[in-house]
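Novice: One structure coming up, written as structure tokens, with questions to follow.
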Amino acid sequence: MESLRRLSVAVYAVAAVFLLSPLVDVVTNTYPTDLGSMQWRFGAIGILSNYLISAVFGLLLATLVAALLGQRTMLRFSAALNVLIAVVLFALTLLFALDVLQLRSAVRPEAGEMFRIGALKAAFKIVMTGVALLLLGVGAFRAARGEGAEGRRGGRKDAPLLMREG
């Protein structure tokens with residue numbers, strides 16, 4: 001554990017690279033921003049879906065190191081970030097679905113199948129990432145509170161909640 005403690009700053013830096021590097025790629029690949037355009041939003045969210053796996057790895061790495069080292073403040077921060085990103089991803093999925101519904105009538109018939117496949121693939125990746133980050137965030141909050149396999153009681157799983165004396 002001491003070796004991991006000595007490496008923790010470097011590991012957090014690597015986690016930040018995994019988290020921020022895809023963000024830079026998404027921003028540069030979707031510049032200039034045109035939030036008012038359905039086509040731009042569709043493309044931007046599709047591009048984002050392709051970069052999520054790297055960000056998830058960075059978040060997982062930071063969360064695991066914080067948990068292993070018992071760094072509760074970092075664990076809470078990581079938990080909050082995981083949950084926040086999950087909520088944003090779920091909201092983006094809803095907006096993406098609305099854009100898909102509006103754009104499908106503008107797609108040429110010969111491109112319709114590819115449009116549907118691309119939209120489903122992007123939505124699937126975003127939702128799965130959101131679910132994974134939500135689970136990671138909830139688990140990190142529990143770990144920060146000291147809850148583990150024992151559950152909220154803090155004792156063994158099979159220990160009775162109340163014991164009677166006498």
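Novice: Inside the stretch 126-166, can you point out the residues that are at pLDDT 85 or above and either assigned to a loop (DSSP other than H, G, I, E, B) or loosely packed, with under 11 Cβ neighbours inside 10 Å (or both)? Full working, then the answer.
Specialist: Initially, the stretch 126-166 is screened for residues at pLDDT 85 or above, giving 126-146.
Correct list: Arg145, Gly146.
Novice: Test Ser21 against the criterion of being among the hydroxyl-bearing types (Ser, Thr, Tyr) and in contact (Cβ under 8 Å) with a residue 12 or more places away in the chain, and give yes or no.
Specialist: Yes, satisfied.
Novice: May I ask you to verify whether Ala44 is modelled with pLDDT of 95 or more, under 22 Å from Leu134 (Cβ atoms) and not hydroxyl-bearing (Ser, Thr, Tyr)? Step through it out loud before you land on a result.
Specialist: Numbers: modelled with pLDDT of 95 or more: yes; under 22 Å from Leu134 (Cβ atoms): no; not hydroxyl-bearing (Ser, Thr, Tyr): yes.
It is false that Ala44 is modelled with pLDDT of 95 or more, under 22 Å from Leu134 (Cβ atoms) and not hydroxyl-bearing (Ser, Thr, Tyr).
Novice: Same structure, new question: Checking the conditions here, which among Tyr12, Tyr51 is within 15 Å of the chain's Cα centre (by Cα), surrounded by 15 or more Cβ atoms within 10 Å (Cβ to Cβ) and assigned to a helix (DSSP H, G or I)?
Specialist: Details: Tyr12 fails: within 15 Å of the chain's Cα centre (by Cα).
Of the residues listed, the single one that is within 15 Å of the chain's Cα centre (by Cα), surrounded by 15 or more Cβ atoms within 10 Å (Cβ to Cβ) and assigned to a helix (DSSP H, G or I) is Tyr51.
Novice: For the stretch 88-105, give me each residue that is free of Cβ contacts under 8 Å to residues at least 40 places away in the same chain and surrounded by fewer than 17 Cβ atoms within 10 Å (Cβ to Cβ). It would help to see each step written out before you state the result.
Specialist: Step one: list which residues in the stretch 88-105 are free of Cβ contacts under 8 Å to residues at least 40 places away in the same chain, which gives 88, 91, 93-94, 97-98, 101, 104-105.
Selection gives Val88, Ala91, Leu94, Ala97, Leu98, Leu101, Arg104, Ser105.
Novice: Does Leu84 count as surrounded by fewer than 17 Cβ atoms within 10 Å (Cβ to Cβ), over 22 Å from Leu19 (Cα atoms) and among the hydrophobic types (A, V, I, L, M, F, W, C)? So that I can check it myself, show each step before the final result.
Specialist: Details: surrounded by fewer than 17 Cβ atoms within 10 Å (Cβ to Cβ): yes; over 22 Å from Leu19 (Cα atoms): no; among the hydrophobic types (A, V, I, L, M, F, W, C): yes.
So Leu84 fails the test.
Novice: Still on this structure, please answer the following. Among the listed residues Phe57, Phe90, Phe96, Phe77, which satisfies the condition of being in contact with a Gly (Cβ under 6 Å, 6 or more places away or on another chain), in a helix (DSSP H, G or I), at negative phi and at pLDDT 95 or above? It would help to see each step written out before you state the result.
Specialist: Details: Phe57 fails: in contact with a Gly (Cβ under 6 Å, 6 or more places away or on another chain); Phe96 fails: in contact with a Gly (Cβ under 6 Å, 6 or more places away or on another chain); Phe77 fails: in contact with a Gly (Cβ under 6 Å, 6 or more places away or on another chain).
Step by step, each of Phe57, Phe90, Phe96, Phe77 is checked, and only Phe90 is in contact with a Gly (Cβ under 6 Å, 6 or more places away or on another chain), in a helix (DSSP H, G or I), at negative phi and at pLDDT 95 or above.
The values are calculated or read from the model by the stated rules, or taken from the named source; none is laboratory data. Here the structure is a predicted model, which means the values were calculated and not measured. Every residue, glycine as well, gets a Cβ built from its backbone with ideal geometry; the counts of neighbours run over all protein chains shown.
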